[in-house]
Amino acid sequence: MSDRTSESRPGPVDERLFADWRQELSEILDGFFSSRSPWGGAGTEGLMPVIDIVEKESVILLTAELPGIDETDVELTVGKGMLVLRGEKKAQTTGETDLRHANERRYGSFERTIRIPGNVDESTISAHFDKGVLTVTLPKKPGSAMSSRRIEIRQDDTPENPGAT
């Protein structure tokens, strides 16, 4: 048995050799996992608020997370069966030249278009903004509440053919 411990043991590593590589890898991973943030995407081109849509008996509720945005920087329009949410998250500056050590928050403009079901009364849609959360209430037209019925499933040898004579 030969003594190779001194030959196979690596020498001391200069950590600075890997600093750039670690920084680049960190940025890649941050971009990949940023879809879990309320902005769903990497970079300003991916700035997109996440939404929840819940249907109730007489209304549909759309909730959008807009952290760090003032309600005056949000625009909501409706028309032709589409609801359009636009806005901008502005970078906060102090006017001084700051030395930034990290910049992980996303800034920029966004636009999100959501198709409105035909049973929604577009003329009565309303919105409420509180603590960075936009809630849009889409009331349903009268008589269009959720309903369901059971469909009978038959088992016989010949399928029903209404066009046959």
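The values are calculated or read from the model by the stated rules, or taken from the named source; none is laboratory data. Just so it is clear, the structure is predicted and the values come from calculations on it, not from any experiment. Positions of Cβ are generated from backbone atoms using ideal geometry, with glycine treated the same way; all protein chains shown enter the neighbour counts. Please note that ligands, DNA and RNA were not included when accessible areas were found on the heavy atoms of the full protein model with its side chains. Shrake-Rupley method; radii C 1.70, N 1.55, O 1.52, S 1.80 Å.
Quick look at the values:
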read-out: Residue check for GLU65: open to solvent by 80 Å² or more (accessible area, probe 1.4 Å), modelled with pLDDT of 90 or more and within 30 Å of PRO142 (Cβ to Cβ); value: no
read-out: Of residues in region 126-155 being over 28 Å from PRO49 (Cβ atoms) and hydrophobic (A, V, I, L, M, F, W, C), the one modelled with the highest pLDDT; value: ILE153
read-out: Hey, SER123 in contact with a Gly (Cβ under 9 Å, 6 or more places away or on another chain), hydroxyl-bearing (Ser, Thr, Tyr) and either at pLDDT 90 or above or farther than 22 Å from SER58 by Cα (or both) or not; value: no
read-out: Residues satisfying the stated conditions in region 99-130, i.e. surrounded by 15 or more Cβ atoms within 10 Å (Cβ to Cβ), part of a loop (DSSP other than H, G, I, E, B) and in contact with a helix residue (DSSP H, G or I) (Cβ under 9 Å, 6 or more places away or on another chain); value: ARG106, ILE116
read-out: Residue in region 84-94 that is open to solvent by 50 Å² or more (accessible area, probe 1.4 Å), closer than 19 Å to VAL50 by Cα, modelled with pLDDT of 75 or more and in contact with a Leu (Cβ under 6 Å, 6 or more places away or on another chain) present; value: no
